[in-house]
Amino acid sequence: MSNKNRLSPLWLALAVVIGIAIGTFYAHHFSGNRLSIINSGSNKLNNLLYIIDDQYVDTIDMADLVEQAMPQILAELDPHSTYISAKDVQTANDDLRGSFSGVGIEFVIRHDTLRVQNVISEGPAEQAGVLAGDKIVTVDDSMFTGKSLTNEEAMHRLKGPQGTKVKLGILRYGESDLRYVTVTRGEIPMKSVTAAYMLDDETGYIKIKNFGENTYYEVLVALAQLAQEGFHQLTIDLRGNTGGYLQSAVQIANEFLPKNMLIVYTEGRRSPREEFRSDGRGSYQKMPLVVLIDEGSASASEILSGAIQDNDRGTIIGRRSFGKGLVQKPVEFGDGSMMRLTIARYYTPSGRCIQKPYTNGMNKDYEEDLLARYQHGEFFSQDSIKHEGPEYHTGNGRVVYGGGGITPDIFVPEDTTDYTSYYKEASLSGLILQFGYDYTDQNRDKLKEYDDEASLLKYIKKQNLVEQFAQYADKHGLKRRNLMIQKSRRLLEQYIYSRVIYNMLSEEAWLQYLNEDDPAIKETLRIFKADEAFPKSPDLIDKKQKKVSMTYDYRSVHRSYSVIARA
């Protein structure tokens, strides 16, 4: 071989290197907007950020730009893949952890001021002398009021590592001078089970607010308590429960199912099918069971109710659930931020996908789905429910539907009989919440004399609170409408009474009051009395679809948890 031939590969390689160098130089300096990337989206994105950083007309905080871009990128995938910044990760995880480190109060922000709604029993704030009704106006000698005060800012300032101290400046009703207390932060329990009591002599009731780390153990404690009170049948209320940990829902379902029954399975492109089955060790496998759901029941709530329905283990009552059946995997980044990436879907035992339809990048339509359902009439008529998915069958052959969410066995509609535009504005504007708090705050000493729901309700029923509210609302921009007030009096009374009971007593007392005249609860008791909690095979019942001639009022507004925050 000649020297010329031996040197050819060397010259060729050298020419390629020089060509790449020259091409990169010219591309970088003269044609940044035409930079050629070799079929790689990730490289294209990296180069985009590099070019912006290198050539953009103004100085850019690239870290901030990436923070803003991350949620937008994930939003193009599906409605539940999300990015959580480092400062928000703790808050995002607290509700499901079962506890958090803070001062131990529930609060609301009214008129730019943080007001203590409740003090958690035996918590740090109670030990330091903080009382319900106190206004916290300074934190560590810095002002803590104003338009910029939000729930997020309040939690950021009041939460902190266990054992650290925070100095609070408190304005107490009837006092003109600030009093200062120092609170040593501690671990504050976050209850998932917010009520467990007897609806009647035989029927236990458990309200599950979400599915956190300790939910299963809280349910076991609640069941043990109800057992001591002699319950023989059970209602599990999942209305408004937006979900949480899969494992908690599986553990609870296991308590009620015979051995080797499929509870749920997950499957995705890179996630092989994974099944969750009952182990046969549940203590309540034969107890009559009813599960309550509504449009606010999602994710783990749908896993539990779907497992009970598809296995013909109990009766589902209420309205079609939300339809959140995507499985997210948490992925942590080095800076403490986190991504929750959808990796699979949930399927009920019959094979139904819980997730309702969505279009990538069209999250606004997805978020407004409940409003669309309302406008379509689904909350008022069972016939208005759109079953877009195929039919499936439960263990005994009953028809259930795919296409998103869990459709109840017995539908309980909302009722607009007493609904008026006055009530709508009073409730949705927050005026009833504000009035309820202000009335409680100004009459706290008198209200303290009544330590249970029945006696407190008996007292406040004599105080003509609807008239007091009408005057209060009129002063705060809601013009008085006497005919509408009279028509909506029942709804106004229920909402106002419920807020005073919540403010003075507990969440359980609040729920007891709301449940006393709740059509879904009444239908539950009817089902138990008729011995119909265990669904029958279609061969044993009339083929004609049952309909319930019951009504449901606007307790969905009354039951809102969104106004209360904890720290």
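Suppose the filter is in a helix (DSSP H, G or I) and either aromatic (Phe, Trp, Tyr) or surrounded by fewer than 20 Cβ atoms within 10 Å (Cβ to Cβ) (or both); does TYR450 pass it? No; evaluated as a whole, the condition is false for this residue.
From the list GLU275, GLU213, the one residue that fits, being in a strand (DSSP E or B) and open to solvent by 40 Å² or more (accessible area, probe 1.4 Å), is GLU275. Residue count for segment 313-342 under the criterion of being touching a Gly at 6+ places or on another chain (Cβ under 7 Å) and open to solvent by less than 10 Å² (accessible area, probe 1.4 Å): the result is 2. Consider segment 97-108 and keep the residues that are more than 20 Å from LEU505 (Cβ to Cβ), modelled with pLDDT of 85 or more and part of a strand (DSSP E or B). The one that is most open to solvent (accessible area, probe 1.4 Å) is SER101. Please determine whether any residue of segment 482-494 is closer than 20 Å to SER297 by Cα, assigned to a helix (DSSP H, G or I) and at pLDDT 95 or above. Checked against the condition, which is being closer than 20 Å to SER297 by Cα, assigned to a helix (DSSP H, G or I) and at pLDDT 95 or above, segment 482-494 yields no hits at all. Sub-8 Å Cβ pairs linking a first residue in segment 233-255 that is in contact (Cβ under 8 Å) with a residue 12 or more places away in the chain and outside any helix (DSSP H, G or I) to a second residue that is of a type in the set (Asp, Glu) and open to solvent by less than 10 Å² (accessible area, probe 1.4 Å), at least 6 apart or interchain, are GLY243/GLU302, ordered by first then second residue. Looking across segment 44-72 at every residue that is closer than 25 Å to MET338 by Cβ and polar (S, T, N, Q), the one that is farthest from the chain's Cα centre (by Cα) is identified as ASN46. Give the number of residues within segment 48-96 that are in contact with a strand residue (DSSP E or B) (Cβ under 7 Å, 6 or more places away or on another chain) and either among the aliphatic types (A, V, I, L, M) or not in a helix (DSSP H, G or I) (or both). Residues flagged as in contact with a strand residue (DSSP E or B) (Cβ under 7 Å, 6 or more places away or on another chain) and either among the aliphatic types (A, V, I, L, M) or not in a helix (DSSP H, G or I) (or both) within segment 48-96 amount to 12.
For segment 406-431, a residue qualifies if it is within 22 Å of the chain's Cα centre (by Cα) and either farther than 20 Å from GLU295 by Cβ or assigned to a loop (DSSP other than H, G, I, E, B) (or both), and the qualifying residues are ILE406, THR407, PRO408, VAL412, PRO413, GLU414, SER429, GLY430.
Mind checking which pairs have a first residue in segment 394-417 that is under 13 Å from SER350 (Cα atoms) and a second that is open to solvent by 20 Å² or more (accessible area, probe 1.4 Å) and aromatic (Phe, Trp, Tyr), Cβ under 9 Å, 6 or more apart or different chains? Close Cβ pairs (under 9 Å, with a partner that is open to solvent by 20 Å² or more (accessible area, probe 1.4 Å) and aromatic (Phe, Trp, Tyr)) amount to VAL399/TYR392; VAL400/TYR392; TYR401/TYR392; GLY402/TYR392.
The values are calculated or read from the model by the stated rules, or taken from the named source; none is laboratory data. Values in this document were obtained by computation on a predicted structure and should not be read as measured data. Ideal geometry is used to build each Cβ from the backbone, glycine not excepted, and the neighbour counts take in all protein chains shown. Just the protein is used for accessible areas: all its heavy atoms, side chains included, with ligands, DNA and RNA removed. Shrake-Rupley method; radii C 1.70, N 1.55, O 1.52, S 1.80 Å.
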